[in-house]
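Worksheet: one structure, shown below.
Where a number appears in this text, it was derived from the coordinates with a stated rule and is not lab data. Since the structure is predicted, the reported quantities are computational estimates derived from the model, not experimental observations. Ideal geometry is used to build each Cβ from the backbone, glycine not excepted, and the neighbour counts take in all protein chains shown.
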Amino acid sequence: MIFVFNCFYFGISLGSMFAATVLVYVQDSVSRGWGYGISAATVVVLLLGTGRYQYSRPQGSPLTVTWRVFLSASEKLASSGRSLRANQVHRGQGRAHRMGTWHILIGRWR
C-alpha cells in the first residue's frame with residue numbers, strides 16, 4: 001500500500017511541476033491553444049486508462065486498523081515496564097521532562 005501511495009504522490013508532484021513549467025512555457029511561447037491541447041490530450045489518456053484500474057471494495061472499518069495500532073503500542077509499552085506519567089511531562093518533574101517530549105513519544109528514554 002505504501003508503494004501505491006508513493007507512486008500516486010510522485011505522479012501528483014510530477015504533474016504539478018509539468019503544469020507549472022512546461023505548459024506555461026508552451027502557452028507563452030507557442031500559443032494558448034497548444035497548451036490547452038496538451039492538457040486535453042493528457043485527460044484523454046487518463047480516461048482511456050481507467051479500464052485498467054483495479055478496484056477492490058474496502059473491507060472492514062478503517063477505525064479497526066487505527067485501534068490495532070493503539071492497542072499494539074499500549075501492549076508494547078506495558079510489556080517494557082515503562083509508563084508515561086503526565087505529571088512528569090507537564091510539570092517538569094523527573095527524567096521524562098529533562099529528555100524532552102519527542103523522546104517520550106518515540107520511546108527512546110530509559
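The spread of Cα positions in segment 2-51, taken along each principal axis and listed from longest to shortest, comes to 39, 24, 6 Å.
Assuming R0 = 41 Å, what is the FRET efficiency of Arg52 and Leu77, from their Cβ-Cβ distance, to the nearest 0.05?
It comes to 0.40.
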